[in-house]
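**Q** Please find one structure pasted underneath; my questions will follow.
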Amino acid sequence: MTATFPDFACQSAKLFERAQAVFPGGSTRNQTYFPPHMIYAAEASGCRMRDVDGNELVDFHNDYTVTILGHAHADVERAVIEQARQVMCAALAVPAEIELAEIICARNPNFERIRFMVTGSEAVANAMKAARAFTGRPKIAKCEGVYHGANDFAEVSLDPTPQNWGQEAPRSIGFSEGVPQGVTDNVVVIPFNEPDAARAILEAHAADLAGVLVDLTAARCGAKPASPEFIAMLREFTTASGALLIIDEVISFRMSRGGAQEALGVEADLTTFGKIIGGGMPIGALAGRADVMSLFDATQGKPAVPQSGTFTAHPLTMAAGQAMLRAYDGEAIDRLNELGDTARAQLRDALVQSGIGGQVTGESSLFLMSFTDEPFHDYRSYYRATADRHHRIMGALFPKLINRGVLMAAWGFGCLSTPMEQAEIDHLSEAVFESLREVRDELAEAAE
Ligand SMILES: Cc1ncc(COP(=O)(O)O)c(C=O)c1O
């Protein structure tokens, strides 16, 4: 069935209208709101989803990179059902948590000990607490514009604009209204992939810095990986100053068995995880050096960093995560990464052939389309390069892609899942090509 998004008479639009009475703005998760109305899912299997109107979508979104094995993977389903029959929720530990921890820790020697949480945001929050407790220092450094989850500290300078980002060094700006100054005063903001400028800022705060938090793939800086020079500077600075290097692998862990840090050759002191490692169930995790992780040890009384939660290490998540990581082994990773190279190459071709042009960036099985030829390497250059034309094109492109059965993030970001084959990549690139041709014609008409 072919969708005609947006369609105010469809079931999704009617559900969205009903939701207005219970949710502010009709939504309880902003990321699932695709204006002008939400699309409600009815079923999902493999790399395909069906919405409540019967429209089929090939899922290049995968819930912001979570469902890397696609939907309803047989091993994950089986593991969850078996675990639900044994113990679904309890104030006792379950063996599955040790098994999932063993699988993750075996993937990289940097993961000496691990703790589970319920979200990636919680993992990042605990990494920052651990860094402060370990060093006795108050400040965390992070890159301008980079997302590390829903936490006042991690959100500092997430979306600055030329009006407020300052002329020189990045400023610390609260994300929500009402963020206290105590938060912004304790977050040092550095530019991504600018080793010299970032080092100068870090050195100015060295005595107060507990940790440097970095995502080596930083999608919001244009999805180009951190350069070897930037990575080397971060490792050298943190080792010399005694701050901890915290690598956020919530998205990038998919890159290789040992994550982006293995692929890009750097040793983290602490690593945060989320998304794929829960097999589609809510998860976060923090792993790292045994001496730092011992801050969470409760066997000798109150730990330096008490960490717990009702749903921490939930049995169903532990079971799903194990099944997922067993299936996402070295062979599956290599195959999906190769398919990612093919997807990016075909998308580049589609952009050129359509006459719209632009760039396709991203690593492993991630891709980002940016409708600009201006170079970018950090938040500000990506912001400027995509400020106008990119957003106009993406706004016009998104509904056309939905109507051709392609779901991806509305800003041009997408990813692959293991059930995908060459046929799905062809579907993606043809849908992008045909939709961009229409966008090009519409833009030309509007300019006349
Ligand atoms: C790099 C990164 N870190 C942390 C998070 C937060 O994870 P969660 O949404 O599970 O809280 C995200 C979520 O998108 C992320 O992309």
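Bear in mind that the values in this text are calculations on the coordinates, not laboratory data. No experiment lies behind these values; they were computed from the predicted model shown. Cβ sites come from the backbone with ideal geometry, for glycine too, and all protein chains shown count toward neighbours.
**Q** How big is the charge dipole of the chain about its Cα centre, in debye rounded to the nearest 20, if each Lys and Arg gets +1 on its Cβ and each Asp and Glu gets -1 on its Cβ?
**A** In total the dipole reaches around 960 debye.
**Q** Here is a follow-up. May I ask you to compute the full-extension gain from Arg85 to Glu102, defined as 0.36 nm times their residue separation minus their alpha-carbon distance, rounded to one decimal in nm?
**A** Here the segment from Arg85 to Glu102 would lengthen by 3.8 nm.
**Q** Placing unit charges on C-beta atoms (Lys and Arg positive, Asp and Glu negative, everything else neutral), compute the dipole magnitude of segment 74-327 about its Cα centre in debye, rounded to 20.
**A** Its charge dipole is roughly 420 debye.
**Q** Extending each Cα 7 Å along its Cβ direction at Ala72 and Asp291, get the distance between those two points in nm, one decimal.
**A** Between Ala72 and Asp291, the label points sit 5.1 nm apart.
**Q** If you average the C-alpha positions of segment 112-159 and of segment 181-212 separately, how far apart do those two centres end up, in angstrom?
**A** 14 Å
**Q** What's the magnitude of the charge dipole for segment 79-229 around its Cα centre, counting Lys and Arg as +1 and Asp and Glu as -1 at the beta-carbon? Answer in Debye, nearest 20.
**A** For segment 79-229, the charge dipole is close to 240 debye.
**Q** Please state the Cα pair-distance histogram of the chain with 20 angstrom bins from zero: what percent is in each bin?
**A** Pair shares across the bins are 24, 57, 18, 0.
**Q** Applying a 10 Å radius around every beta-carbon, put 401-408, 125-132, 31-38 in order of their mean neighbour count, most first.
**A** 125-132, 401-408, 31-38
**Q** If you don't mind, another one. Measure out, as a whole number of angstrom, how far apart the alpha-carbon centroids of segment 1-73 and segment 213-275 sit.
**A** Result: 33 Å between the Cα centres.
**Q** Right, something else. Averaged across orientations, what area in nm² does the convex hull of the alpha carbons in segment 74-327 project?
**A** Orientation-averaged projected area of the Cα hull: 13.9 nm².
**Q** What distance in nm lies between label points placed 7 Å from Cα along the C-beta direction at Glu267 and Ala446?
**A** Between Glu267 and Ala446, the simple spin-label model gives 5.3 nm.
**Q** Using DSSP, restrict attention to beta bridges with both residues in the chain and report what percent are antiparallel, rounded to the nearest 5.
**A** Rounded to the nearest five, the antiparallel share is 60 percent.
**Q** If I build a Gaussian network model for the chain, linking alpha-carbon pairs within less than 10 angstrom, which residue out of Pro419, Pro24, Pro95 has the largest mean-square fluctuation?
**A** Pro24
**Q** So, one more: In segment 92-127, which residues have a backbone nitrogen under 20 Å from the label point lying 7 Å from Gln300's Cα in the Cα-to-Cβ direction?
**A** 112-115
**Q** Let me ask something else. Determine, for each peptide in 51-63, 196-208, the mean count of other beta carbons within 10 angstrom over its residues, then list the peptides with the highest first.
**A** My ranking of the peptides, most packed first, is 51-63, 196-208.
**Q** Quick one: compute the contact order of segment 26-114, relative version, from alpha carbon pairs under 8 angstrom and 6+ residues apart, as a percent.
**A** Relative contact order comes out at 14 percent.
**Q** Have a look at Gln167, Val439, Asn55 and report the one farthest towards the positive end of the charge dipole of the chain, computed about the Cα centre with Cβ charges (Lys/Arg +1, Asp/Glu -1).
**A** Value computed over the given set: Gln167.
**Q** Provide the convex hull volume over Cα atoms per residue for segment 87-224, in Å³.
**A** Taking the convex hull of the Cα positions in segment 87-224, it is 160 Å³ per residue.
**Q** Next up: If I stretch the segment between Glu229 and Glu374 completely, what's the gain in nm (0.36 nm per residue apart, minus their alpha carbon distance), one decimal?
**A** 50.0 nm is the gain from fully extending Glu229 to Glu374.
**Q** Where the centroid of each part is defined by its Cα atoms, how far is segment 316-370 from segment 380-420 in Å?
**A** 14 Å
**Q** Something else: Cα to Cα, under 20 Å, and not fewer than 8 places away if on the same chain: which lysines meet these conditions relative to Lys139?
**A** Answer for Lys139, where 20 Å is the Cα cut-off: Lys129, listed by chain and number.
**Q** Related question: If you count the DSSP beta bridges with both ends in segment 74-327, what percent of them are antiparallel, to the nearest 5?
**A** Among the beta bridges of segment 74-327, antiparallel pairing accounts for roughly 40 percent.
**Q** Could you check the simple spin-label distance between Ala345 and Glu177, using points 7 Å along Cα→Cβ, in nm with one decimal?
**A** The modelled label-to-label distance comes out at 5.1 nm.
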